[in-house]
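So the structure is just underneath, and the comments pick up after that.
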Amino acid sequence: VVLYNLLGHPPAPEITMLGFRFVKSQPTVHLMQFRSGAVVREGAGQSFWYHAPTSTLVAVPLASQDRPFMLDLVTADFQAVTIQGQVTFRINDPRRTAAMMDFAVDADGAYLSAEPQRLGERVALQVEVVIAQAVQGMGLKQALHASATIARAVEQQLAAQAEIQALGLEVLGVSVIAIKPTPDIARALEAEARESNLKAADDAVYLRRMAAVEKERAIRQNELDTDIAVEQKKRQIQQAQLEARAA
């Protein structure tokens, strides 16, 4: 929020001495003017003169916000995992947000409290609750391959959380970037996968050799059958010759 007069210069001394100031907000900021406990002006991108001693300005950002998170959780089989991701949200009900948290600003546009910075922390806390419930129902190997499933479940359940609705927030998306076990477990899983791959390779070699042996056996059998058929044919010819001579 930037304060200035209509000409773009600092307000005239006689105007500021009377307590009148000019305020202009960005299109992504919902500006509200309170006087005597009631809202007299509000909207995104507002600009107006106001009497500072009797007014309170509240600026609620409407742009989307990204909140990264990194959680250390335990799976159903008591294995520790680290989950890293990000949640994207925005304020879609500025009045409700302003009623729940202090977004008041001073004459220079600075927030009078630290609550606006804590909004992301409250969202991240709700994300942790939902992810913890999801991970506690999975085994380690299932959790390591469930990034998309967890992200989809968090996005659906987070939108239905009472606190998220009370704060007037809209969840735009949740992404789980990585799910990692402890280094010792990771090495054990790598060794298991490596041994499994080696065994699969050995099995493939064995099957290939067995197939070659079977083919060689079939070839030899065909050769033997051919030799037998030739000998039988020779015997038939000799028998025919003997019969012809006898006749």
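Side notes on the structure shown:
- Exclusive hit being out of contact with any helix residue (DSSP H, G or I) (no Cβ under 8 Å at 6 or more places or on another chain), exposed (fewer than 15 other Cβ atoms within 10 Å of the Cβ), modelled with pLDDT of 85 or more and under 30 Å from Val87 (Cβ atoms), set Ala38, Ala63, Ala59: Ala63
- Residue check, Ile237 part of a helix (DSSP H, G or I) and modelled with pLDDT of 85 or more: yes
- Residues that are in a helix (DSSP H, G or I) and open to solvent by less than 50 Å² (accessible area, probe 1.4 Å), drawn from the stretch 163-184: Ile164, Ala166
- Residue in the stretch 141-162 that is within 18 Å of the chain's Cα centre (by Cα), under 30 Å from Ala188 (Cβ atoms), among the hydrophobic types (A, V, I, L, M, F, W, C) and open to solvent by 70 Å² or more (accessible area, probe 1.4 Å) present: no
- Whenever a residue of the stretch 25-45 is without any contact (Cβ under 8 Å) to a residue 60 or more places away in the chain, its partners that are open to solvent by less than 50 Å² (accessible area, probe 1.4 Å) and among the aromatic types (Phe, Trp, Tyr), lying with C-beta atoms within less than 7 angstrom and at least six residues away or across chains, give the pairs Gln33/Tyr50; Arg41/Phe48.
- Yes/no for Leu198 being part of a helix (DSSP H, G or I), surrounded by 13 or more Cβ atoms within 10 Å (Cβ to Cβ) and either modelled with pLDDT of 85 or more or aliphatic (A, V, I, L, M) (or both): no
- The number of residues in the stretch 113-136 that are open to solvent by less than 60 Å² (accessible area, probe 1.4 Å) and either in contact (Cβ under 8 Å) with a residue 24 or more places away in the chain or on the phi > 0 side of the Ramachandran plot (or both) comes to 11.
- Screening Ile83, Ile91 for residues that are modelled with pLDDT of 90 or more, hydrophobic (A, V, I, L, M, F, W, C) and under 30 Å from His145 (Cα atoms) leaves exactly one candidate, Ile83.
- Near pairs, Cβ below 9 angstrom, 6+ apart or cross-chain, from the stretch 67-78 (open to solvent by 90 Å² or more (accessible area, probe 1.4 Å)) to any residue that is in a strand (DSSP E or B): Met70/Thr82; Met70/Ile83; Met70/Gln84; Met70/Gly85; Asp72/Ala80; Asp72/Val81; Asp72/Thr82; Asp72/Ile83
- In the stretch 163-197, residue farthest from the chain's Cα centre (by Cα) [restricted to those that are farther than 17 Å from Arg122 by Cα and of a type in the set (Asp, Glu)]: Glu195
The values are calculated or read from the model by the stated rules, or taken from the named source; none is laboratory data. Note that the structure is predicted; figures quoted are calculated from it, not measured. Methodologically, a virtual Cβ is constructed for each residue, glycine included, from the backbone with ideal geometry; neighbour enumeration extends over all protein chains shown. Quick note on the areas: whole protein, heavy atoms, side chains included, nothing else; ligands and nucleic acids left out. Shrake-Rupley method; radii C 1.70, N 1.55, O 1.52, S 1.80 Å.
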